[in-house]
Structures are given as structure tokens and as C-alpha cells.
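The values are calculated or read from the model by the stated rules, or taken from the named source; none is laboratory data. Computed from a predicted model, the values in this text were never measured in an experiment. Cβ: placed from backbone, ideal geometry, glycine included. Neighbour counts: every protein chain shown.
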Amino acid sequence: MNSLLRSKGFIATLLLVPGLIIILGVFILPMFYMLMISLREDMGQGAWTLASYAHLFKDTYYVQILWRTVRLSLYTVCVCLVLGFPVAMYMAQATPKMRGLITFLIISPHLISVVIRNFGWVVILGNNGFINNTLMSLDVISEPLRLLYNELGVVIGLSDSLIVYMVLAISTSLYAVDSSLYKAAGILGATRFKQFFSITLPLSIPGIFAGTTLVFSLAMSSFVTPALMGGTSVKVLPVLAYEQMMASLNWSLGAAIAFLLLGSTIGLVTLFTKLVETKRYKEVFSS
Amino acid sequence: MIREKKSRRPSVLGIITFFVVLMVISPLLIIIPTSFTSTGVLRFPPQGFSLQWYEKIFDRPEFIESFGFSLQLAIITAVIATVIGTLAALALHKYKPRGSGVISSLLLSPLTVPALIIGIAALLFFTRIGLAGTFLGLLLSHILISVPYVVRLVYTGLSTFDYTLERAASILGANPLRTFWDVTFPLIRPAVLSGCVFAFLTSFDNVTVSLFMISPSTTTLPMAIFNYMQESLTPLVASISSIVILLSLVFIFILERVYGLDRLFGSNSHAH
């Protein structure tokens with residue numbers, strides 16, 4: 001008994017068991033069970049069938065929702081990239097103290113519930129909100145602009161919550177750039193413009209790549225922001241999945257939507273990876 | 001000439017950075033003044049000053065109850081997830097068991113799947129085994145999404161740990177438990193504490209998993225706010241949110257002091 005207790009393998013197993021039970025019982029098994037429900041009749045008990053998936057692709061309604069989810073996620077990636085890149089560049093050349101401050105300011109809102117952040121956006125973008133009130137009191141507009149409960153509202157909300165991933169991914173790759181490269185380029189007469197395109201941009205590609213895939217996958221699966229800032233008119237896959245599960249109680253369709261969401265996200269990220277890689281290989285071989 | 005250009009470049013980037021940081025924090029900053037409005041309309045800038053929307057929280061028992069419930073749930077989740085995650089990280093780092101690569105990716109696997117999908121799968125499975133809508137089901141799902149963060153943080157914390165200290169303690173006659181409490185634990189405490197606070201916030205903020213796990217008697221605060229917001233938008237949401245923001249700030253400052261938010265996020269962003 002004593003030697004058993006002292007055996008390393010036994011202790012390690014003992015320490016790992018609680019964690020593995022949680023992962024298997026609350027995640028791995030449920031995922032397999034959900035797959036069964038999406039693929040078999042009578043809640044995973046009956047005959048094998050692809051009816052739930054066929055249902056999703058037969059109806060243009062569902063295909064439209066899938067396309068809208070992808071499109072809004074792509075818009076979000078673009079906004080995060082355009083706004084996040086300058087921030088990452090600024091952080092890369094700032095003093096460590098400034099860098100720490102920006103990191104803190106950009107991460108800490110992320111630790112407060114997305115419901116509350118979206119509520120803040122409702123106050124800013126609503127008909128009586130900050131932007132409309134300011135513009136109307138300045139007589140720039142006579143009627144409030146519609147900034148909320150449409151696709152614009154969803155993209156604003158998603159960009160706000162996901163830009164942190166883009167900034168951190170790009171800035172991490174820029175921190176690694178040797179600053180003497182800029183000095184050398186400057187001595188050799190390269191303009192700022194030239195330096196950006198031949199040093200900063202190529203060396204930040206891994207960061208851009210990581211940030212893009214991260215923001216895209218997180219945008220594809222967000223539920224709260226489309227529900228609160230898109231209203232009923234902007235339905236995306238996660239909202240559809242929720243409705244099928246909780247309102248229509250069509251669980252086999254809900255399970256199929258979950259896998260459609262997972263599959264389309266993984267598929268598009270893989271496609272993007274392949275495209276980027278083949279392009280990189282071509283560059284290597286042509287030069 | 002070059003020097004002049006150098007000082008000019010950060011300023012353009014600096015302005016953009018300033019506006020992006022403003023964009024990220026303004027939704028939270030704007031809520032607090034809004035909560036003191038004296039009118040019933042949600043507008044900014046707010047009109048008048050009153051505490052009426054704070055008093056009105058007490059007229060809505062569902063917010064008080066769900067606030068207490070969320071706190072309880074988050075504390076229990078944080079404690080259990082921290083114990084489970086710390087034990088697993090110790091086992092992986094110290095004993096390096098066979099197949100530890102597979103085991104660690106298994107332990108981190110919930111981070112690779114969207115929370116919404118985890119919630120749907122858990123609802124289906126829990127319905128089958130009779131846990132759907134129970135407190136235990138909700139708790140288990142919150143523990144699941146918190147454990148990977150704890151494992152990651154504690155594992156990273158252990159990377160600087162010197163195991164000769166443990167050997168020294170055992171040579172001097174300390175038993176394994178005593179060695180853990182007196183030598184190992186004090187040295188990894190910052191990582192464990194950060195894991196605990198992060199687990200607390202993960203549970204306290206969660207909507208996407210709770211969505212499928214709650215029942216009328218087990219509604220969390222974010223879910224109560226979410227449901228209320230879908231029906232009506234009043235300054236009441238602002239006053240409740242202000243309280244949550246202030247409470248969260250306390251925990252965020254603890255995290256920043258003990259561990260550093262940049263390190264915390266650096267390790268998370270790779271996991272998604």
C-alpha cells in the first residue's frame with residue numbers, strides 16, 4: 001500500500017482523475033451524444049439519417065442565415081484588422097510603461113460581462129443615445145440615425161469585444177521585430193512608407209493570421225451581441241440554434257445547426273490557412 | 001530630420017490608439033452617469049440627478065436574488081475549478097505521466113469549441129441523465145469552462161518552480177502533504193490565486209453556457225439582465241450594471257496586481 005501511494009504514476013492518475021471526469025462527462029460525452037442526436041431519429045435512438053442536415057441545406061432560409069453569419073464575421077475581422085493594426089504598431093514602439101497601460105485598458109473591459117458592454121453600446125447608439133443626441137443638437141441631422149438593431153450595430157458590438165484578440169496577436173509578433181532593422185533601412189534610404197511595406201507588414205503576417213482566425217471563429221459563434229444589438233431582424237446561426245433548442249424544441253435540428261456552425265467555422269479557417277500557405281510557398285519558390 | 005520624423009510617427013498612431021482604447025472602454029464608462037438620471041428614458045447625456053434607479057432595484061426581487069445566486073455559483077465554481085485545475089496541472093508538470101500531451105490537450109479542449117455549442121451539448125446530455133435545469137448541472141457546466149484556464153495558469157506558474165526545493169524538504173523529513181503546503185503551494189500561490197479569480201469572473205460573466213442550463217429558480221445575474229433587456233430598456237439596467245462594473249473592477253485590479261493581465265491574456269488567446 002505504501003509503495004503504491006509513493007508510485008508516481010498512481011499519484012499522477014489520482015490528481016488527474018477529477019479534471020478528466022469533468023472533461024469527459026460534461027464535454028466529450030455530450031458532444032458525441034449531440035452528434036448522435038443530429039444523425040439518428042428519435043433523439044439518437046432510431047435509424048441513421050441525414051434528414052436534419054438535409055433540412056438545413058434544402059431551405060434557402062437557413063442558407064441565408066449561414067451566409068449572413070459568415071458575412072458579419074468577415075466585416076468584424078476587417079474592422080478589427082484596420083483599427084487593431086495601428087494600435088499594435090503603436091504598442092510595439094511605445095515605452096514598456098505605456099504598453100502596459102494600453103494592454104490593461106484594452107483587456108479589462110473584456111473581463112466584464114458582454115451583456116453589460118452591449119448595454120453600454122445601446123446607450124451610445126440608441127435613438128436617444130450619445131451619438132444621435134450630439135449630432136441632433138449640432139443640427140447635423142434632423143432625425144436620429146439608425147445605428148442599432150441592424151447589421152451595423154452587430155458589427156460595432158462584435159468589433160468592440162473581439163478587437164483585443166487582434167491587437168494582442170499582432171503586437172506580440174511586432175514585439176519580436178529587431179528595431180535595428182528600421183535603423184538599417186533608414187540609413188539605406190528607405191522611406192517610412194517603404195519601411196512599413198518591407199519590414200513591419202511582412203513580419204507581422206503571423207500575428208495578422210492568428211488574430212484573423214481567432215476573431216473570425218469567435219465572431220461566428222457569438223450569441224449575445226447579435227441578440228441584443230441586432231434585434232430580431234439580424235438572425236445569425238447561434239441565435240437560430242438557440243431558438244430551435246429553447247423555443248421550437250426541435251433538438252435534432254438544433255444539434256445539426258451546432259455542427260453546421262462548428263463545421264463551417266473550421267472549414268473556412270482551414271481554407272484560409274491553405275490559401276495563405278500556398279501563396280507563401282509560391283513566393284518562396286518563385287524567388 | 002530623421003529625428004523629427006520619428007517623433008511625428010507615434011503621434012498619428014497614438015491618436016488612433018487613443019480612439020480605439022476609448023471605443024473599448026466607453027460602453028462601460030457611459031453606463032455609470034446614465035444610472036443617475038432622474039427621468040425614465042434611457043438617454044445620454046442623462047438629465048437631472050437622482051438615485052431612484054438604485055432604489056428601484058429593490059422593487060425587482062429577481063435582480064437581488066439572481067445577484068446573490070450568481071455570486072454563490074461563481075464562488076463555488078471558482079473553488080472547485082481551482083482545486084481540480086491545480087491538481088491536474090501539478091500532475092502534468094511534476095510527474096509528467098505517460099500520454100501527458102494527450103491529457104493536457106484533453107484538459108484544454110473546452111477552449112477550442114464555442115461556448116454556445118458546449119451549452120447545447122450539455123443541455124442534450126443532461127436532459128438524458130436527468131441533470132437539466134438543476135443547480136448541479138449549471139455548476140458542472142461552469143466548472144467545465146473554468147478548469148482549462150486554471151490548468152493553463154497554474155501550469156505556466158509551475159514552469160519557474162524549482163523541484164529541488166521539494167526534494168530538500170523531503171530529505172529533511174517532511175511528508176509529501178507537508179512539503180506541498182509549506183514549500184510548493186506558497187511558491188505557486190500567485191498562479192493559483194489568478195486561476196481562482198479568473199474562474200470566478202468566467203462563471204460570473206457567463207451567458208452563452210448558462211443560457212441552456214438555467215431554470216426559473218436558478219437564474220444568474222447576466223441572464224436576468226439579458227432577459228430584461230430583451231423586453232424593456234430602462235435606466236434600471238444602468239444602475240445594476242454600474243454595481244457589477246464596480247465589483248468586477250475590484251477583481252480585475254487583484255488580477256493585475258497578482259499576475260498581470262497581459263500574461264493572463266497572452267496565455268488565453270492562443271487557446272481559442
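Listing for the model above:
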quantity	calculated
Some residue of the stretch A:4-11 being within 8 Å of chain B (Cβ to nearest Cβ), farther than 20 Å from residue B:110 by Cβ and among the charged types (D, E, K, R)	yes
Lone qualifier among A:69, A:13, A:76 - being assigned to a helix (DSSP H, G or I), surrounded by fewer than 18 Cβ atoms within 10 Å (Cβ to Cβ) and of a type in the set (Val, Ile, Thr)	A:13
Any hit, the stretch A:169-184, residues being exposed (fewer than 14 other Cβ atoms within 10 Å of the Cβ) and touching a Lys or Arg at 6+ places or on another chain (Cβ under 9 Å)	yes
Cβ-Cβ under 7 Å pairs, at least 6 apart or on other chains, the stretch A:154-169 side closer than 11 Å to residue A:121 by Cβ and touching a residue at least 60 places away in the same chain (Cβ under 8 Å), far side β-branched (Val, Ile, Thr) and not in a helix (DSSP H, G or I)	A:154/A:234
Residues located in the stretch B:183-222, provided they are of a type outside the set (Val, Ile, Thr), over 15 Å from residue A:113 (Cβ atoms) and not in a helix (DSSP H, G or I)	B:215, B:216, B:217
Any hit, the stretch A:136-151, residues being over 22 Å from residue B:42 (Cβ atoms) and in a helix (DSSP H, G or I)	yes
Flag for residue B:233 being within 30 Å of residue A:254 (Cα to Cα), in a loop (DSSP other than H, G, I, E, B) and touching a residue at least 24 places away in the same chain (Cβ under 8 Å)	yes
Close pairs from the stretch A:244-272: first more than 10 Å from chain B (Cβ to nearest Cβ), partner surrounded by 15 or more Cβ atoms within 10 Å (Cβ to Cβ) and of a type in the set (Ser, Thr, Tyr), Cβ under 7 Å, at least 6 apart	A:253/A:52; A:256/A:38; A:256/A:52; A:256/A:53; A:269/A:213; A:269/A:217; A:272/A:213
The stretch A:196-222 residues that are outside the structural domain of residue A:90 (by TED's automatic domain parsing), paired with ones that are crowded, with 20+ Cβ neighbours inside 10 Å and among the β-branched types (Val, Ile, Thr) (beta carbon under 8 Å, 6 or more apart)	none
Residues satisfying the stated conditions in the stretch A:100-113, i.e. in contact (Cβ under 8 Å) with a residue 12 or more places away in the chain and either more than 7 Å from chain B (Cβ to nearest Cβ) or farther than 26 Å from residue B:222 by Cβ (or both)	A:102, A:110
Positions within the stretch B:228-242 being more than 10 Å from every other protein chain (Cβ to nearest Cβ) and within 22 Å of the chain's Cα centre (by Cα), in sequence order	B:239
